[in-house]
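Have a look at the structure below, then the notes.
The values are calculated or read from the model by the stated rules, or taken from the named source; none is laboratory data. Note that the coordinates shown come from a computational prediction; the quantities given were computed from them, not determined experimentally. Using ideal geometry, Cβ is built from the backbone for each residue, glycine included, and neighbour counts are taken over all protein chains shown.
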Amino acid sequence: MTKDSLITFARSRTARLAASYLAIIMIMSVGFSMVLYNTSSHELGRKLPPPSIYAQFSDNIQLDYQHYVDKRIQQARNRLLGNLALLNVATLVGGSYFSYLLARRTLEPIEEAMEAQSRFASDASHELRTPLAAIQTENEVALRKDTLTLSRAKELLQSNLEEVKKLRELADGLLRLAREDNHELAMDAVSLSTIVTEATNRVIKPAQQKHIEIHDNIIDAKVFADSASAIQVISVLLDNAIKYSDKKQPISITSWIKGRFAFISVTDKGQGIAEEDLPRIFERFYRADSSRSSQNVSGYGLGLSIAYKIVKQHGGTISVTSAPGQGSTFTIKLPLAEEHTPAES
Ligand code: ADP
């Protein structure tokens, strides 16, 4: 270890916390040793035989014996002191290692959470910069010109509006993500077909624009869910299916029951997802390269991470199977309501 890395380590949060733990251990160890030494030392002093036992001997012998006993007591005290010092050195060494491990264990989850927080903030700022930069450049270029015709001004406003819409979409997504972190779910028995109808209504416009039909085959069952959140999850899946499909490609939404769960799957015949992207699509801000580069597919890579979070909060799962060029199927699993109905007394 170089001097610099040693200094950096000494200043680190782990080292500081470990030092605090070690200080506590050492205070206890030294305190305990002092009490032990004082008590034992006092006890040793008291263990002299009563004078009546050696009164029969001459003064010299008595004096010698007294010296001998005093010497033995002093030796015992020194030995005790030495042992306690050794014990404290061993506690210092072992305690340092133990404190370091304990400090790392304490700080690891906190540091992970802090890192995730700062990654989230930097990703969000990065996404915010793109539309803001576009608005700024367009307006600056227009202002630099001496004249601005009404049609050009309208064009500019239209373009600005598009960017503002994107910003709003992003802000909504961020808010939803933040809300889902500490959102109390209003859990109730909700009809699967009501959820799906509501979600389908939300995406009717983009579906019509692309002449995409949504075929549903939903069974009559009730899930135990927060209605608004469940609608949101299905809308995300339907919205993606529309966004990543060509015109006129139908989408189907199906449901079935297995055990204590209801399964709902959304299948499209769109562009599909490459195998290397599959494990990452539920991460915040992750967009497969094909989606990023595609100019007319809007999005910030937040939809699926919101869906993932909601489904998890419900004690369910979300999974995907996909083949590039052929389409994708997203399946969610939610608990059935019957399981949560209180038993009649
Ligand atoms: P967004 O759609 O806003 O980019 P999402 O979090 O909803 O964000 O999706 C993340 C990524 O997963 C998308 O960018 C896309 O690459 C991929 N994806 C999601 N759904 C589909 C789908 N049905 N077909 C193809 N790719 C999809």
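Tabulated data
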{"read-out": "Segment 193-241: number of residues that are surrounded by 22 or more Cβ atoms within 10 Å (Cβ to Cβ) and under 22 Å from R287 (Cα atoms)", "value": "8"}
{"read-out": "Test: residue in segment 84-102 that is at pLDDT 90 or above, assigned to a helix (DSSP H, G or I), over 30 Å from A15 (Cβ atoms) and in contact with a helix residue (DSSP H, G or I) (Cβ under 6 Å, 6 or more places away or on another chain)", "value": "no"}
{"read-out": "Breaking point among (1) modelled with pLDDT of 90 or more; (2) among the small types (G, A, S); (3) closer than 23 Å to S305 by Cβ, for A133", "value": "(3)"}
{"read-out": "Residue count for segment 158-168, restricted to those that are out of contact with any Leu (no Cβ under 9 Å at 6 or more places or on another chain), surrounded by 15 or more Cβ atoms within 10 Å (Cβ to Cβ) and either under 13 Å from G301 (Cα atoms) or of a type in the set (D, E, K, R) (or both)", "value": "1"}
{"read-out": "First in segment 256-275 and in contact (Cβ under 8 Å) with a residue 24 or more places away in the chain and closer than 9 Å to S328 by Cβ, second anywhere and within 16 Å of the ligand (Cβ to nearest atom) and of a type in the set (F, W, Y), Cβ under 6 Å, 6 or more apart", "value": "V266/F330; G270/Y244; Q271/Y244"}
{"read-out": "Among the candidates Y286, Y300, residue that is modelled with pLDDT under 95, within 7 Å of the ligand (Cβ to nearest atom), aromatic (F, W, Y) and touching a Phe, Trp or Tyr at 6+ places or on another chain (Cβ under 9 Å)", "value": "Y300"}
{"read-out": "Which numbered condition A225 misses (of (1) within 30 Å of S122 (Cα to Cα); (2) of a type in the set (G, A, S); (3) touching a residue at least 24 places away in the same chain (Cβ under 8 Å))", "value": "(1)"}
{"read-out": "Pick from segment 304-331, criterion in contact with a helix residue (DSSP H, G or I) (Cβ under 8 Å, 6 or more places away or on another chain) and within 9 Å of the ligand (Cβ to nearest atom), ranking: nearest to D188 (Cα to Cα)", "value": "A307"}
{"read-out": "Enumeration of residues in segment 1-16 that are part of a helix (DSSP H, G or I) and either at pLDDT 95 or above or not aliphatic (A, V, I, L, M) (or both)", "value": "K3, D4, S5, T8, F9, R11, R13, T14, R16"}
{"read-out": "Sole residue being touching a residue at least 40 places away in the same chain (Cβ under 8 Å) and assigned to a helix (DSSP H, G or I), chosen from A171, A189, A178, A230", "value": "A230"}
{"read-out": "Residue in segment 176-188 that is modelled with the lowest pLDDT, counting only those that are surrounded by 15 or more Cβ atoms within 10 Å (Cβ to Cβ) and of a type in the set (A, V, I, L, M)", "value": "L177"}
{"read-out": "Checklist (1) at pLDDT 95 or above; (2) more than 12 Å from the ligand (Cβ to nearest atom); (3) over 16 Å from T200 (Cα atoms) applied to R260, failing item", "value": "(1)"}
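Quick grid of which residues meet (1) modelled with pLDDT of 95 or more; (2) assigned to a helix (DSSP H, G or I); (3) within 30 Å of the chain's Cα centre (by Cα):
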position	(1), (2), (3)
L237	yes, yes, yes
I253	yes, no, no
W256	yes, no, no
S265	yes, no, yes
